[in-house]
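*Asks:* Structure incoming, see below.
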């Protein structure tokens, strides 16, 4: 069994929503990859009773807890006092910590305010954790069989202290077997459609499945317990990839994020030295904005209305796939790019902004081997339509480059 | 005493740190503004026992709890089942909810997968909360004197459901003394620059000041306790607006977000019936994508490199403000739009992608009264440069339309 770890964030700015608690997410990723089971995140504000109660609760539930925030010098920094009260450990002055806090002020060429003296007191039995990046030292202490680490809430200091002091200490103190993970990034399938695709696969019981939905792509993640057979992982990976078919954009074996469509296209075009020219309508520049700084984006324009297509391409009335293909060809020829990509629809502005209306979106690609197109229905908010239109157009190129037609 | 409210976030992606829990922060802000005391945020993963235990705990501590996540159709969505178990309320089928889920799939033109049937079951005694923005309906249920609301974890759906169903219900159910708030949206000032601008203002002691930094605009918020004198609030508002000067984009008296540059421009152009044509470089379509669906965006193109400006506008070498102004004029004349907006830089791709390098960005505007330009230095990540480039260009038009030059 993996040891159970909790994250505890302290601070009025978190509980009131002024700050999004990104520390908890960062720490969780590190701890899960290291082999802990993450069981809870909790945040409370600057109230001594709430803090004390929570510390006792956690000591009864978890094997390990990382706490951030509340180590500063001011009156609303109550973490150390709460630990002292919760674990019945009187505060003791630490000369070495005092010197460190003083030396930081010397470095900054500023007199140390008296309140900072508070930062050199730790609960009896605690081990000081040096902070070479700010004034607040941290500390570690065990209670009820739970190992607690207290770190400042400033993300840059917290991260450096975690890497320098806590991560090595965890490795020594716990018997950790890191998990393995497979992530599959898909485009064109919702969560439930993915579920149906993989329904027939017989997954070993120990595997956990999770989803991450975001516009415009959806991720499927498989978690394998430590020590799970690598060959079996690869077999599962092949089965899932096959089930997802051409909707699978990329697979990642590890804890980085799997590549999105833009990254996949980036690799393919960088390798071949080819480039693209775009004509966007519904996505209104969103696709070009995703490609910012990529040398393979040769040019791009946006046609918010029909009139423009008439003026620039001599098109009288926008019809269907035939016109889209003609436009893609014209965009490719005019630009001299290797690929011309165009998206059109019927330019009915009401359909665009009305979330209950669904639009027919035609994506077309021109290549030196000929033209290709794809028709899809897109509903939902303007934001959803815009994102799906952008991704669909690039996905058409992915299909061509990866020979998925 | 303000009623005590907790936030409970459910989901493997939060507990494992794949997703930063921004829902908790957003909800906390809304609830504090409404007059609640926020006492705890808790997140747990997809484990029935952990969920059940937590629900019982919260019901014993809080007067109200907003829960997000775990209402989806798949096997790892366990919230409803956990509520049923924790509050001893057997699941019941809700015909109306089933119809709503089905109608969403009809709208999307996709068959409803069988698993989605699960989303029409609620614990006995629960009140359904309609979700007009996605497939997962929510529900409300009371236990141990604590009023629980369950919402999907997808932020856009969660926010809309909170505003539509929960906020009005809270007002009826609890006796709340709401805070008052003033929000100032600025462009072109960092937090510390704003701080300096308002330093000389004598704020009443009860006012709390907070910042919200987001690309590309920064918000300053002033919080007033319930019952604070409205005339005094207005006086403070005038003083702060004056101190922020032309960098102030909009002020909002209340809890909506203050208008951003796009909305301000939208109102001005809609009123005057005028339109714009864009030529983007650094922002690479991002500005056009912000203007999606706005009838005043007449046309837009992107020049990722210098060669294109030579071909399309006969420009030999991109220099400084003079060329930018010429380009803006050409874009305006060619398009026939009321305003031509252009942004250029020296097209050094390394500067663009290197976050330690700063670029000189020239924005230019052509009008029937002549041309205007603005030069600014932009550093930081590619994302930051892209966002600031887009906003700077539109901000130049705002200066012109609001006569701030």
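*Asks:* As a check on your grasp of the helix formula, calculate [θ] at 222 nm for chain B: sum -39500 (n - 2.57) over DSSP H runs of n ≥ 4, divide by the residue count, round to the nearest 500. Write out the running numbers ahead of the final one.
*Replies:* Details: 15 runs with 154 residues, N = 405.
Roughly -11500 deg cm²/dmol at 222 nm, from the helical runs in chain B.
*Asks:* Can you pull the mean other chain C-beta count within 10 Å for peptide B:27-36? Don't jump to the answer; show the numbers that get you there.
*Replies:* Numbers: counts 1, 7, 3, 1, 2, 4, 2, 0, 0, 0.
Across B:27-36, the average partner-chain Cβ count within 10 Å equals 2.
*Asks:* To continue, here is another question. What's the ranking of B:163-174, A:34-45, A:177-188 by average number of surrounding C-beta atoms within 10 Å, highest first? Don't jump to the answer; show the numbers that get you there.
*Replies:* Numbers: B:163-174: 15.0, A:34-45: 22.7, A:177-188: 20.1.
Most protected by this proxy first, the peptides run A:34-45, A:177-188, B:163-174.
*Asks:* Taking 8 Å as the Cα distance limit and 6 or more residues as the minimum spacing, I'd like the relative contact order of the range A:262-401 as a percentage.
*Replies:* On the way: 269 pairs, mean separation 36.3, N = 140.
With pairs under 8 Å counted, the relative contact order is 26 percent.
*Asks:* Which percent, nearest 5, of DSSP beta bridges in the range B:26-162 are antiparallel? Spell out each step's value before the answer.
*Replies:* Values: 11 of 16 bridges.
Bridges in the range B:26-162 are about 70 percent antiparallel.
*Asks:* Just check the range A:4-173 against the gyration tensor rule for me: Cα atoms, a ≥ b ≥ c as the square roots of the eigenvalues, rounded for a/c under 1.5, and otherwise prolate or oblate depending on whether a/b exceeds b/c. Kindly include the intermediate steps, with their values, before the conclusion.
*Replies:* Values: a/c = 1.42, a/b = 1.36, b/c = 1.04.
Rounded is the answer for the range A:4-173, as its axis ratio a/c remains below 1.5.
*Asks:* Any idea how far the Cα center of the range B:181-257 sits from the one of the range A:218-246, in Å?
*Replies:* Distance between centres, Cα-based: 51 Å.
*Asks:* Which distances, in nm and shortest first, link the residue A:205 label point to the same label point in every other copy, taking 7 Å along Cα→Cβ?
*Replies:* 6.5
*Asks:* Let me ask you something else. Need one number: % antiparallel among DSSP beta bridges in the protein assembly as shown, to the nearest 5.
*Replies:* Values: 93 of 145 bridges.
So the antiparallel bridges in the protein assembly as shown amount to around 65 percent.
*Asks:* Now for a different question. Rounded, prolate or oblate: which one fits the range A:195-257, using the alpha carbon gyration tensor with axes a ≥ b ≥ c (rounded when a/c is under 1.5, else prolate when a/b beats b/c, else oblate)? Don't skip to the end; give the middle numbers.
*Replies:* Numbers: a/c = 1.65, a/b = 1.35, b/c = 1.23.
Prolate, since a/c reaches 1.5 and a/b exceeds b/c.
*Asks:* When Cβ neighbours within 10 Å are restricted to other protein chains, what is their mean count per residue of peptide A:370-382?
*Replies:* Mean partner-chain Cβ count within 10 Å for A:370-382: 2.
*Asks:* Which whole-angstrom value gives the distance between the alpha carbon centres of the range A:277-330 and the range B:24-57?
*Replies:* Each part's Cα centre sits 46 Å from the other's.
*Asks:* Then there's this: What whole-number distance in Å separates the alpha-carbon centres of the range B:334-392 and the range A:96-172?
*Replies:* 44 Å
*Asks:* While we're here: Could you work out the relative contact order of the range B:341-403? I mean the mean sequence separation of Cα pairs under 8 Å and 6+ apart, divided by the number of residues, in percent. Write out the running numbers ahead of the final one.
*Replies:* Numbers: 86 pairs, mean separation 20.2, N = 63.
Computed value for the range B:341-403: 32 percent relative contact order.
*Asks:* I've got another one for you. What's the average, rounded to a whole number, of partner chain beta-carbon atoms within 10 Å of each residue's beta-carbon in B:200-213? Write down the numbers at each step before the final one.
*Replies:* Numbers: counts 0, 0, 0, 0, 0, 0, 0, 0, 3, 0, 5, 1, 2, 0.
Mean shielding count: 1.
*Asks:* So, one more: May I ask you to order B:84-95, A:299-310 by the average number of other C-beta atoms within 10 Å around their residues, highest value first?
*Replies:* Final packing ranking: A:299-310, B:84-95.
*Asks:* Right, another one. With an 8 Å cut-off on Cα pairs and a minimum separation of 6 or more residues, tell me the relative contact order of chain A in percent. Write down the numbers at each step before the final one.
*Replies:* Numbers: 742 pairs, mean separation 43.1, N = 405.
Relative contact order comes out at 11 percent.
*Asks:* Hey, another quick one. Which percent, to the nearest 5, of DSSP beta bridges fully inside chain A are antiparallel?
*Replies:* Around 65 percent antiparallel, to the nearest 5.
*Asks:* Also: If packing is taken as the average number of other Cβ atoms within 10 Å across a peptide's residues, how do A:367-378, A:240-251, A:58-69 rank, most packed first?
*Replies:* A:58-69, A:240-251, A:367-378
*Asks:* Sticking with this structure for a sec: With a ≥ b ≥ c taken as the square roots of the eigenvalues of the C-alpha gyration tensor of the range A:16-85, please select rounded if a/c is under 1.5 and otherwise prolate if a/b is larger than b/c or oblate if it is not? Walk me through the numbers on the way to the answer.
*Replies:* Working: a/c = 2.14, a/b = 1.38, b/c = 1.55.
Taking the square roots of the gyration eigenvalues as a ≥ b ≥ c, the range A:16-85 is oblate.
*Asks:* Under the convention of a label 7 Å out along Cα→Cβ, give the distances in nm from residue B:274 to the same position in every other copy, shortest first.
*Replies:* Copy-to-copy label distances for residue B:274: 4.4 nm.
*Asks:* Order these by the 10 Å Cβ neighbour count, fewest first: A:197, B:384. The partial results should precede the final answer.
*Replies:* Working: A:197 19, B:384 14.
Starting with the residue having the fewest Cβ neighbours, the order is B:384, A:197.
Values in this text are rule-based calculations from the coordinates and carry no lab data. None of the values given here were measured: they were computed from a predicted structure. Cβ: placed from backbone, ideal geometry, glycine included. Neighbour counts: every protein chain shown.
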